[in-house]
1. Give the residue list of trypsin sites (Lys or Arg not before Pro) in segment 22-73 that are DSSP loop and have at most 15 other beta-carbon atoms within 10 angstrom.
2. So who's got an amide H within less than 5 Å of the one on GLN44, skipping anything under 5 residues away but keeping other chains? H placed 1.01 Å off N, in plane.
3. For ALA46 and THR7, calculate 0.36 nm times their separation in residues minus their Cα-Cα distance, and state this gained length in nm to one decimal.
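Where a number appears in this text, it was derived from the coordinates with a stated rule and is not lab data. What you see is a predicted model, and the numbers here were worked out from it, not measured in a lab. Neighbour counts are summed over all protein chains in view; Cβ atoms, including those assigned to glycine, are modelled from backbone coordinates with ideal geometry.
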Amino acid sequence: ISVLFLTLLLLFLALFPGAFNCCMKISDEIPNGILRRVERFEIQKADGLCHLEAVILHMKGKKFCVNPWNRKVKKMMKKMKHKIHRSKSHVRKQRRTRITKQKEQKQ
C-alpha cells in the first residue's frame with residue numbers, strides 16, 4: 001500500500017507541479033517593514049489548482065501570502081507598478097538624450 005501511495009504522489013507531483021506553490025491561507029495584516037522589503041509580487045487567482053485569491057509577496061527567498069483586498073497591499077502594488085513604469089521610461093529618455101548629443105557632436 002505504501003508503494004502505491006508513493007507512486008500516486010510522484011505521479012501527482014509530475015502532472016501538477018504548481019499544486020504546492022499555492023497559498024493555502026492568507027494574512028489580513030502585514031507589517032510595514034515587510035512591505036518595504038518586497039522585491040516583487042504575484043497575484044494568485046482562485047481558479048485551477050489554487051482555490052484562494054491572494055497576493056504573494058517575495059523578498060529574499062521568502063514569500064508571504066496576503067489578502068489582495070488589504071489597503072496597504074493595494075497601495076504597495078500600485079507604487080511598485082508605477083516605479084517600474086517610471087524607471088523604464090526614464091532609461092529610454094536618457095538613451096535618446098545621449099544619442100541626440102552624440103549626433104550633435106558629430107556635426
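1. Listed in order of number, the matching sites are LYS25, ARG37, LYS45, LYS60.
2. Answer set, sorted by chain and number: ALA54, VAL55, ILE56.
3. The ALA46-THR7 span can extend by a further 11.2 nm.
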